[in-house]
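The values are calculated or read from the model by the stated rules, or taken from the named source; none is laboratory data. No experiment lies behind these values; they were computed from the predicted model shown. Glycine gets a Cβ as well: all are built from the backbone with ideal geometry, and neighbour counts include every protein chain shown. In case anyone asks, the SASA skips ligands and DNA or RNA and just uses the protein heavy atoms, side chains included. Shrake-Rupley method; radii C 1.70, N 1.55, O 1.52, S 1.80 Å.
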Amino acid sequence: MNGDSINNGDSKRTTSSGISSTAAAGGGGATTIVKYEKSSCLFCNEWFDSQTFTEHLIHCGQVLEQCPNTCNVFVPRIRMRAHLKECPRNKRRSASLERLDQQVDYRVQVVENEINTLRSVLNEEIRQRLHLITDVGNLRKQNQVMDDWQQSTNQSLKSLQNRLDEENTQRTFEVEQCQQDFRCCFDTLQSLKSEIQNEIDDLEKHINQMSLELTQHQNHLNDNIMKLEETVLMHEKTNRDKFIEIENYLQSINLDLNAKFVPEHDIGKYAALDLEVKGMKHIVCDTEERCDKLESLVGQIDRNLHHTMQLVNDLENHIATQQRLMSYVNCRGHLVWRIKDFSKKFEEARQYDTILHSAMFSNKPFGYALRLDIYLNGKGSWKGRNMIACLNVIAGEYDPLLPWPCRLQADVILRDQTINATQPEDYVKTVMVRKKSDDYIQTKQFFHIPHAILKQPNYVKNDSLFVEVRILK
């Protein structure tokens, strides 16, 4: 801001510099400097540039001037004519002077109107220029922001292109590696199929042989049982006849004794008869003991036969499982086992101490081979009150490739079979499975579930029980 002061009589002037700005034109980078200098009139408060300011002071109607009639009064220039008409010292004026004053007043009024028009036009132009300068500054800022955004976008696109190239290279390598792994797995699967098929054939031959032996053994056992029953019946019939004969003879002796005194020669006969009766009682006792032993032997043979039949069923299930494993392998660490005919199997467990074996599964692809064993009627001191179960790590195909010792944690769940249950009340047992090495005989780690929980209606429905196993880690 620059300021000047002018004193002409009683008039004063102050000037001030206006606005300067710099704008970038187009995209060529040329710079244009626009500079405005304006001055403000202290009498009428209007703004003018330096070229027209001096001329304005000459014609400004608000400048104070002293009355030419020496009445010591300062009046604005625009009101000087009116003052002269009322000035007490100007009593006489000629008609020509009045006409001249009228013409001068008219011309001054026209000039003032033109000046006001020019002033408004100039102010409007100044405002438009200020708006243009502001718009140019905003455009320059927007151009700068757009340039920065375009530069950052180009950098992002370049980095994305580099990432895409790296991703494509990595994906290509992974695809090739997957193809190699797939070919290797396919070859391994083919070899495993052939080995499993050979094992299945051997097992079928072994099972057929065992079935024949079992049939022969069962037939022989049935023949022995029938012969034993015939012998027991014959002995019972003979003993019964002897008992009837002895009783009849004793009754006749009692009748004779009651009828008359016993002679001396009949005393020896009576003693011999008494000895014979004792011998027959001893024979009957021996026969009863032998019958008891034969019954226990028959029961043991029946249990062994049931265990053998169960072993055959397990082998058949194993063969079926191996056949299923040829097409599909449960390697998700998750097993859902449905135990059908639960009441029948529970009764067989009570009579013959049978063991239920689940299908084999794995905790992960090419992982540990696992199997759940269940004693429905318990074992040892838990027998008759609890169900005993054990999760076993059995010999698998990939044991040489796995880390040892094996440590796994699993949840064994009795599934609640309530229909449309919002919150199923599953019974969960968390167990730990440990095995030192693949050739180490595992010490079974049992857990129990009380029969009171096992026989609740929400766990056993339609004579079926669902047991779920989830490997946690």
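Put the Cα centre of segment 169-207 next to the Cα centre of segment 220-243 and the gap is 62 Å.
Our estimate of slack between residue 456 and residue 138, defined as 0.36 nm per intervening residue step minus the Cα-Cα distance, is 106.4 nm. For residue 396, the residues 5 or more places off, or on other chains, whose built amide H falls under 5 Å of its own are 369. If you take the square roots of the eigenvalues of the alpha-carbon gyration tensor of segment 365-417 and sort them as a ≥ b ≥ c, do you get rounded (a/c under 1.5), prolate (a/b over b/c) or oblate? Prolate shape, in that a/c is at least 1.5 and a/b is the bigger ratio. For residue 404, the shell of other residues with beta-carbons less than 13 Å away shows a net charge of +1, using +1 for Lys and Arg and -1 for Asp and Glu. Across segment 195-207, rounded Karplus estimates of 3J(HN,Hα) from the backbone phi angles (6.51 cos²θ - 1.76 cosθ + 1.60, θ = phi - 60°) give 5, 5, 5, 5, 5, 5, 4, 4, 5, 5, 4, 5, 5 Hz, Gly and Pro being marked x.
Each residue, residue 116 and residue 246, gets one label point 7 Å from its Cα in the Cβ direction; the gap between the two is 16.3 nm. With protein chains left intact and a 1.4 Å probe, residues in segment 169-241 average 80 Å² of accessible area per residue.
Spatially, segment 104-162 and segment 41-64 are offset by 28 Å when compared through their Cα centroids. Across segment 177-220, the residues whose backbone nitrogen lies under 18 Å from the label position 7 Å along the beta-carbon direction of residue 316 are 200-219. For residue 49, the amide hydrogen comes within under 5 Å of the amide hydrogens of 39, counting only partners 5 or more places away or on other chains and with H modelled in the peptide plane. Gain on full extension, evaluated as 0.36 nm per residue between residue 130 and residue 71 minus their Cα-Cα distance, stands at 16.5 nm. Taking all protein chains into account, the per residue accessible area for segment 284-439 stands at 58 Å² (1.4 Å probe). Taking the Cα centre of segment 379-451 as origin and assigning +1 to Lys and Arg Cβ atoms and -1 to Asp and Glu Cβ atoms, the resulting dipole is close to 440 debye.
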